[in-house]
């Protein structure tokens, strides 16, 4: 693929903080954010509160997304039970006009890193992780007696519960089932982090008020925002890590 733009990939488990990071970038670094044209995928699930068709995803019936498998211009993936479809031709056109930006699941992010039709495309790939490399190494110590997959699942379950209560108030059984599905997938998604060029540890997920309760983000939200902005500008970024393949076994 011949392209003049760069493909910027921001991935991480559900509720790791990708969406509020994107919104904080638009609010506080508007010129930088304006250069990123969002890549919009097809998705078989229903919109969440506040999501808009054609902006967040192209929300379509599952049967319609499934039918795209027979069309070579699409890459169709099963993402935590939902079908998502990447329009490769639309991405190529976006890249002809400038930078394209994907914010979403690591499994889709991995396809964007490895798909043969994207060979030669310049990329900036960033993984937003709920734990740091140092924390994972400590938790893997046998003396800690911690089952890392269960630990990660519990972290993300709590974050997802807080986020969904903020969105909906009282939770129904389908909400709880969805939370469990996303939390249960988080460790497998964390294992994809080694494939990304940069890993930004961030404890302030989408459930945290540190993103927008005040004018400027605080805590890890601030550090993640500043690191991502620095990477976009090609500057050294404090606190950014590179993970080895076997860090999360």
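All of the numbers you see were taken from the coordinates with simple rules; none came from a lab. All figures in this text were calculated on a predicted structure; none of them were measured in a lab. Counting neighbours? That spans all protein chains shown, and the Cβs are built from the backbone with ideal geometry, glycine included.
Run the simple label-point estimate for residue 71 and residue 135 please: 7 Å along Cα→C-beta, distance reported in nm. Using points 7 Å along Cα→Cβ, the separation is 4.1 nm. Considering only alpha-carbon pairs that sit under 8 angstrom and 6 or more positions apart, the relative contact order computed for region 1-133 is 45 percent. Compactness of the chain was expressed as the Cα radius of gyration divided by 2.2 N^0.38 Å, which yields 0.99.
Remark: 155, 9 ranked as 155, 9, counting other beta-carbon atoms within 10 Å and listing the fewest first. Shape summary of region 142-249, radius of gyration then Dmax from alpha carbon positions: 15.9, 46 Å. Residue separation of residue 48 and residue 181 scaled by 0.36 nm, minus their Cα-Cα distance, works out to 46.3 nm of gained length.
Using R0 = 45 Å, the C-beta based FRET efficiency linking residue 31 and residue 145 works out to 0.35. Diffusion of region 99-153 by Stokes-Einstein, at 37 °C in a medium of 0.692 mPa s and with Rh set to the Kirkwood radius over alpha-carbon pairs, works out to 236 µm²/s.
Restricting attention to the chain, close to 30% of DSSP beta bridges with both partner residues there are antiparallel.
Sorted ascending by nearby beta carbons within 10 Å, beginning with the fewest, 124, 112 become 124, 112.
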